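Engineer: Below are the C-alpha cells for one structure; questions will follow.
The values are calculated or read from the model by the stated rules, or taken from the named source; none is laboratory data. Being a predicted model, the structure only gives us computed values, none of them experimental. Cβ coordinates were reconstructed from backbone atoms using ideal geometry, including for glycine residues, and neighbour counts include every protein chain displayed. Protein only, heavy atoms only, side chains kept; ligands, DNA and RNA dropped before computing areas. Shrake-Rupley method; radii C 1.70, N 1.55, O 1.52, S 1.80 Å.
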Amino acid sequence: MALRHIRLASRRVPFKVLFILLIFVPICVIGILIHAQQISYLFRPLWDNPPSPFKHVPHYYAENVSMEHLCLLHGWSLRSEPRRVFDAIIFSNEIDILEIRWRELHPYITKFVILESNTTFTGIPKPLFFDSNRFRFAFVKEKIVHGVFSGRIATRGTYESPFGLEFEQRRAMTGLLRDSGISNGDLVIMSDADEIPSPHTVKLLQWCEEIPHAMHLELKHYMYSFEFPVDYSSWRATIQIFGPQTGYRHSRQTDLILSDSGWHCSFCFRRLQEFVFKMTAYSHADRVRRKGFLNYSRIQKLICRGDDLFDMLPEEYTFRELIKKMGPIPHSASAVHLPAYLIQNADKFRTPIPSFVKGCLVANEEEN
C-alpha cells in the first residue's frame, strides 16, 4: 500500500516541474559554468569593494614655462643638477611601443634596464624579441642594460599560476636593477613597456627637490591604438627615489598619484599575430575561453569597432560605471598631446595614430 501511494503521488508531479528539474536547471547550471566570469563581472558591485582612493598630486605643465617656476607651483624647489633616472621594464613583445617609449625618454634616462624571458608568463617558449631587434635601438646602445630570465616551459597536464612566474621575473628585475649601477637617491621608473611617462613628467621629477619618495603615475589609457581613449584609470606605473629597500613592483606602493603623467596604450600592435601572441602569453591568458577567440577575422572586427577582445564586461565597482562603459570604445579623431616621436614618424607608425589610417585597416596587412 505504501509503494502504491508513492507511485500515485509521483504521477501527480506536474510536467512543468519535471521540465524545470530535468532540463531547465541543468541548462542553467551549464550556462553559469560557461559564463561564470561574465556573471562575476556583472555582479561585481555587489560582492567586491573598490580599493581606497588615491590622493591626486596636481600636475602643472605648459610650454615655455621655466623649470624653477614649475617646481614652485608643485611646492618643490629647483635642484642644482638633475637626478639620474633609470627606466626599468619587463619586456614581452611590444617592440613598436618600446621604440616609441625610448625615443621619447632617452634625453632624460641614464640607463634603460630591460629584462626579457625565453618563455611567456604562461610557460610558452618565446623568442627574445628585444635581442633580435637591437638594431632598432642603436641610438641608446650605450644606455641599455639587458638581462635574460630563464623561464620554465609548461608541461602537459600540469598547471602553474602565470602570476607566480610573473612575480619571479619581477624579483629578478630587482637584481638586474641593482647591477645596473643605480645608487641611492636616483630615480627609478617601474612600469610595463606600454605604460609611458611623458618626457616633461620625468624632467620635472629629476629637476625638482623635495618630491615625494614614491608616486604612482596617472596615465591616460588607450586600447588597440591612440584612436581609442578609454579613461584615466591606469595607475600601476610608479616613479620613486631608489633606496636600500627598493624592490621592483607593479602593484600599489603609495596613496599618492601624479595626475595626467603620460600614456598607457594596451594591446597597441600593428599586426594580428602580435595580438594573438599577447592574448596567450600574458597573465590573464585564461580570458581566452575558446580557440575561436584567436581567429584573425574575429580580432580584426573587434579592434576595428573598439570592442573587447575577450567578450568581457568592464571591471567596475559600481553599476553606474559598469553601464557607462558597456559597448565599444568611442573613436577619437584627436592626435593632440600624443608622444612626439609617434607624430614625427606617422608613416612608420600608421596604426596607432587616430584618423591617419584606421587601425582596423592596417592591422590586416602583411609584414612590412
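Engineer: Rg and Dmax in Å for the range 71-123, alpha carbons only: what are they?
Structural biologist: 15.9, 49
Engineer: Related question: Below 19 Å, Cα to Cα, which aspartates and glutamates can K141 reach? Residues fewer than 8 away in the same chain don't count.
Structural biologist: The reachable aspartates and glutamates, counting only those whose Cα sits under 19 Å from K141, are D87, E94, D96, E99, E104, E116, D131, D179.
Engineer: Amide H to amide H, which residues 5 or more places from G151 or on other chains are under 5 Å from it, using H placed in the peptide plane?
Structural biologist: Distant-sequence amide H within range of G151: N118, T119.
Engineer: Something else: Please identify every one of the chymotrypsin sites (Phe, Trp or Tyr not before Pro) in the range 154-208 that sits in a loop by DSSP and has no more than 14 other beta carbons within 10 Å of its own beta carbon.
Structural biologist: Passing sites in the range 154-208 are Y159.
Engineer: Roughly how many nanometres apart are two label points built 7 Å out from the Cα toward the Cβ at T158 and D308?
Structural biologist: Going by the 7 Å Cα→Cβ label model, 3.3 nm.
Engineer: Please list E274, E321, E315, E81 in order of solvent-accessible area, largest first, computed with a 1.4 Å probe with all protein chains present.
Structural biologist: Ranked from most to least accessible, the order is E81, E315, E321, E274.
Engineer: Next question, about the same structure. Just tell me which lysines come within less than 21 Å, Cα to Cα, of K301; anything on the same chain fewer than 8 places away is out.
Structural biologist: Here the lysines satisfying the reach criterion relative to K301 are K278, K291, K325, K358.
Engineer: Could you give the length gained on full extension between M67 and S259, defined as 0.36 nm per residue of separation minus the Cα-Cα distance, in nm?
Structural biologist: The span from M67 to S259 would gain 67.3 nm if fully extended.
Engineer: By per-residue mean of other Cβ atoms within 10 Å, what is the highest-first order of 45-53, 190-198?
Structural biologist: 190-198, 45-53
Engineer: If you don't mind, there's one more thing I want to ask. Provide the per-residue ³J(HN,Hα) series for the range 246-256, in order, calculated from phi with Karplus coefficients 6.51, -1.76, 1.60 and θ = phi - 60°, each as a whole number of Hz, with x at glycine and proline positions.
Structural biologist: Values, residue by residue: 5, x, 6, 9, 10, 9, 5, 10, 7, 8, 8 Hz.
Engineer: Once phi is turned into ³J(HN,Hα) by the Karplus curve 6.51 cos²θ - 1.76 cosθ + 1.60 with θ = phi - 60°, what whole-Hz value does each residue of the range 275-283 show in order, with x for glycine and proline?
Structural biologist: Per-residue couplings from phi come out as 4, 4, 4, 5, 4, 9, 9, 8, 5 Hz.
Engineer: Mind jotting down the distance between the C-alpha centroids of the range 217-259 and the range 302-331, whole Å?
Structural biologist: A separation of 21 Å, based on Cα centres.
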